[in-house]
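The values are calculated or read from the model by the stated rules, or taken from the named source; none is laboratory data. The structure presented is a predicted model; accordingly, all values stated were derived computationally and were not measured. Ideal geometry is used to build each Cβ from the backbone, glycine not excepted, and the neighbour counts take in all protein chains shown.
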């Protein structure tokens, strides 16, 4: 699109025309899962209706068409995040699946008793629990970088932990609970200087920011399809080719093999197929490619600028509400506004907003260690997508004020 027209964008999302509790839907939960434009719905439907076949192993027309569509989607992903080769692009179940793959392959190979890794207080459970599980088995230590009051990383603590020569530094690009955008390029460079491998959770960054993995120089980077206007159950793990090539397979089965023999054992396929055992989520991969094409059609700079405007407007409209406190006020933020209102439980506020047709997320947002540190049960989180409008945010602010007056 040559100019950013939010109403033209909204018209491409069928779900936005529905009403909830008799009110027009205002959807502020894109950080949990974004809605799908018609182009993505059509791409998945078209494949299922006209092309479906198992991929890679068939010589008939449908198998070849399905394989071509799936591998074209892989190339779309490669180009979108700036990877060097499609060998570095693995289709996985989502961000969580990608982190678990790295933990169970690279982690088991490289982490042992006496080692340490670095995480941060703002991590999603999916970038905490796999490492805790592995640490219980392997005996390594987990060091946690704390946060400043505004939700940014404590740089002095980060540097102090890097001085302990961790084997791995794993952190999120954008906090799903606070909206903080971390300086991935800087901290990756510092971690590499300390001899660490770097894993970055990109679940909340790829939907909102332009990402180039070669420029960032990360070793592993993953994101989820359903947060990037694509389907659930599909995601991407990027890894540098040399690192992936040296890693053992994660799951055994069809497609990931070279040869299988009871007498001679099994050899493994080349990248990326070594890590893609079994029949994949073919329609999901194709639709994810369509979603990235759609986002590029909108234009990532325009998308980012629109969501930045929405975030600033939300802060300005909500800050005047008596007793409201924001959590996450970093200078560099993506489209998340997290808050509490004194004397009002977040679940109660979320329930009343729903009665007015406004969808927000309430709770700990899969960041319990962060909420425990803050001493709160959770927050009300409004998270934005490319389809949200300034008028919807005005409606949100008015509804919060109305709900608060009813609950106090």
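Some points to look at:
- Filter result for residue 352 (surrounded by fewer than 23 Cβ atoms within 10 Å (Cβ to Cβ) and not assigned by TED's automatic domain parsing to the domain that holds residue 122): yes
- Restricting segment 14-33 to residues that are in a loop (DSSP other than H, G, I, E, B) and in contact with a strand residue (DSSP E or B) (Cβ under 9 Å, 6 or more places away or on another chain), the residue that is nearest to residue 62 (Cα to Cα): 33
- Residue ranges of strands (runs of 3 or more DSSP E) in segment 187-288 with at least 3 members in contact with a helix residue (DSSP H, G or I) (Cβ under 9 Å, 6 or more places away or on another chain): 197-201, 220-224, 235-239
- In segment 295-351, residue nearest to residue 77 (Cα to Cα) [restricted to those that are in a helix (DSSP H, G or I) and in contact with a strand residue (DSSP E or B) (Cβ under 7 Å, 6 or more places away or on another chain)]: 311
- Out of 46, 74, 57, one residue alone is outside any loop (DSSP other than H, G, I, E, B), in the same structural domain as residue 224 (by TED's automatic domain parsing) and over 21 Å from the mean Cα position of the chain (by Cα). It is 46.
- Lone qualifier among 157, 122 - being assigned to a helix (DSSP H, G or I), touching a strand residue (DSSP E or B) at 6+ places or on another chain (Cβ under 8 Å) and under 27 Å from residue 338 (Cα atoms): 157
- Segment 355-401, subset over 25 Å from the mean Cα position of the chain (by Cα), in contact (Cβ under 8 Å) with a residue 12 or more places away in the chain and in a helix (DSSP H, G or I), residue surrounded by the most Cβ atoms within 10 Å (Cβ to Cβ): 400
- Test: residue in segment 254-271 that is touching a strand residue (DSSP E or B) at 6+ places or on another chain (Cβ under 7 Å) and in contact (Cβ under 8 Å) with a residue 40 or more places away in the chain: no
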